[in-house]
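Here's the structure, in structure tokens; my notes come after.
The values are calculated or read from the model by the stated rules, or taken from the named source; none is laboratory data. What you see is a predicted model, and the numbers here were worked out from it, not measured in a lab. Positions of Cβ are backbone-derived with ideal geometry, glycine not excepted, and every protein chain shown enters the neighbour counts. Calculation scope for accessible area: heavy atoms of the full protein, side chains included, ligands and nucleic acids excluded. Shrake-Rupley method; radii C 1.70, N 1.55, O 1.52, S 1.80 Å.
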Amino acid sequence: MIDMDLGGGYRIQPITYQEYLDACARIEEQIFGEYFAFRWQEARTPEQQQRITELGGTPKGIQVCLGLFFEGELIGWHYSEQADEQTIVMKDTGWLPAHQNRGLYSRLLPELLRLFGSMGFELVKSYHRMTNNQVLIPKMRAGFVLNGFMVDSYGNNVQLVYTFNQDYLEALHARSGYRTPRGRTAKLLGL
């Protein structure tokens with residue numbers, strides 16, 4: 001797991017899933033205050049909400065919960081969750097506005113990718129609002145590529161994917177129309 005000094009009084013270190021949830025409840029509004037999501041809890045009957053709560057208690061596979069601390073105070077987090085045998089999804093990263101735009105995400109991202117690769121994952125996926133350049137640009141510089149678009153309870157999102165497999169990256173380029181599949185890539189695509 002990642003436990004490192006990010007410099008300038010910042011440290012990233014493991015926290016429990018419950019500590020992550022508690023931090024979300026305490027400071028998420030300050031971090032993501034402009035979000036307006038569909039209010040699922042208000043749309044559910046008490047019986048439906050009970051079932052969702054029960055489903056939420058089931059094991060989720062590998063989870064990576066990290067807290068971002070400034071001078072010992074929890075000011076943000078990173079949370080990732082295993083989606084399947086080859087994929088981990090970067091679900092949630094954020095910290096208080098006073099600590100944004102300091103290069104922290106750009107320093108953390110390579111460490112996360114090293115961790116996910118060392119765990120054996122082949123793909124890292126994430127979903128972001130189409131205009132969230134604070135995250136999209138560092139991720140694309142790190143080697144993520146656009147892999148799709150979707151609409152969910154938060155609105156329009158772009159899916160980014162990072163692959164540790166160079167052959168698969170070449171296949172993504174071929175499938176997008178960016179490159180003509182040749183050689184090994186063509187063979188792996190069944191052409």
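Output the residue which, of all residues in region 142-155 that are at pLDDT below 95 and outside any strand (DSSP E or B), is nearest to GLY33 (Cα to Cα).
The residue in question is TYR154.
Would you point out which residue out of VAL135, VAL158, VAL124 is modelled with pLDDT of 90 or more, over 25 Å from TYR17 (Cα atoms), touching a helix residue (DSSP H, G or I) at 6+ places or on another chain (Cβ under 8 Å) and open to solvent by less than 70 Å² (accessible area, probe 1.4 Å)?
VAL158
So, in region 174-191, of the ones that are among the basic types (Lys, Arg) and not in a helix (DSSP H, G or I), which residue ends up nearest to ASN147 (Cα to Cα)?
ARG179
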